[in-house]
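Q: Below you will find the structure I want to go over with you.
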């Protein structure tokens, strides 16, 4: 189901059906919020999604995985907790759940990010896997992952592990360019983790390498080259492209032109990458965001009737409805 047709005028969009904690889901869902550039609003979106889900009655855990630049606790109005992700990584907290703290809001818990540790971004693959395993065992309806900027290996692994991966971008050229880069990196990273694609690993790595002699610059070109070398495997690769459907949110829009950036990115992703980018919607520029951060209050708690609240509510309800549909189909 697409919601994009009614994005032109936010006043024309209803909030959709309200779901509560009794809504059936196959299992806990993990949502990851990433993006190719810093300062695009990942923490704002992560905290707002988590706040809204908790307000709806869902038990929600939001995790700061911006290793080396953690500030989610500040956005949520929390003082730095005694235990955080660093304590799990260095072994002083035996289990990740030992780092969970209750926020001031009902149904909303958090795991604060890493403390100031210059080596924290050198996290090993074993540690990444231990975090993922621990997250899968959490007893919450939803786990929201606030990821760091860029396309580091650990960021991509967390993003690809989630049932829903959301990319945040600003309506300006450098952010858009980095968002495309993040989409491609995420896709190629997923392929490298699939054992049956081991035979085309050199092609995938070539696609990830700028100015490589093979000149593979997009998933579509990778598919063409794979079809030339291994037509049977190309069919599986085509299905992998079809099943890769990241979400997109455009932040800090000020005009219809800014809103339309999302539609343009969706079109470009399909035409040049062969990827169906799901444009969830946009968040209007809100001058009061900095005031809520200064007061150490979530924007939706400080300004519950703001335009941001309306946009976030719409996005959350669309994702919940989508999850309900997928659950029904699975039955």
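Q: Conditions first: (1) buried (at least 20 other Cβ atoms within 10 Å of the Cβ); (2) in contact with a strand residue (DSSP E or B) (Cβ under 6 Å, 6 or more places away or on another chain). Residue 102 passes all but one, so which condition is the exception?
A: (1)
Q: I'd like to verify a number: residues in the stretch 230-247 that are assigned to a helix (DSSP H, G or I) and either in contact with a helix residue (DSSP H, G or I) (Cβ under 7 Å, 6 or more places away or on another chain) or surrounded by 14 or more Cβ atoms within 10 Å (Cβ to Cβ) (or both), how many?
A: 7
Q: Here's something else I'd like to know. Restricting attention to the stretch 177-184, does a residue exist that is in contact with a helix residue (DSSP H, G or I) (Cβ under 6 Å, 6 or more places away or on another chain), touching a residue at least 12 places away in the same chain (Cβ under 8 Å) and on the phi < 0 side of the Ramachandran plot?
A: no
Q: In the stretch 248-260, how many are buried (at least 16 other Cβ atoms within 10 Å of the Cβ) and more than 21 Å from residue 43 (Cβ to Cβ)?
A: 2
Q: Give the stretch 209-229 a look and list any residue that's within 25 Å of residue 172 (Cα to Cα), surrounded by 12 or more Cβ atoms within 10 Å (Cβ to Cβ) and free of Cβ contacts under 8 Å to residues at least 12 places away in the same chain, or say none.
A: 217
Q: Any idea which of 168, 174 is closer than 17 Å to residue 258 by Cβ, surrounded by 17 or more Cβ atoms within 10 Å (Cβ to Cβ) and within 24 Å of the chain's Cα centre (by Cα)?
A: Going through 168, 174 in turn, just one is closer than 17 Å to residue 258 by Cβ, surrounded by 17 or more Cβ atoms within 10 Å (Cβ to Cβ) and within 24 Å of the chain's Cα centre (by Cα): 168.
Q: Right, residue 132: in contact with a helix residue (DSSP H, G or I) (Cβ under 8 Å, 6 or more places away or on another chain), within 26 Å of residue 192 (Cβ to Cβ) and free of Cβ contacts under 8 Å to residues at least 40 places away in the same chain or not?
A: Answer is yes for this residue.
Q: Confirm whether residue 188 is under 30 Å from residue 257 (Cβ atoms), touching a helix residue (DSSP H, G or I) at 6+ places or on another chain (Cβ under 8 Å), in contact (Cβ under 8 Å) with a residue 12 or more places away in the chain and buried (at least 16 other Cβ atoms within 10 Å of the Cβ).
A: Answer is no for this residue.
Q: Oh, and also: Give the number of residues within the stretch 266-297 that are in contact with a strand residue (DSSP E or B) (Cβ under 6 Å, 6 or more places away or on another chain) and in a helix (DSSP H, G or I). Break it down into steps so the answer makes sense when it comes.
A: Keep residues of the stretch 266-297 that are in contact with a strand residue (DSSP E or B) (Cβ under 6 Å, 6 or more places away or on another chain), which gives 266, 277-280, 282-285.
With the extra rule that they be in a helix (DSSP H, G or I), the set shrinks to 266.
Here the count works out to 1.
Quick note: the coordinates plus some simple rules give every number you see, no bench work behind them. None of these values were measured; they are calculated from a predicted model. FYI the Cβ positions are ideal-geometry reconstructions off the backbone, even for glycines, and counts take in every protein chain you see.
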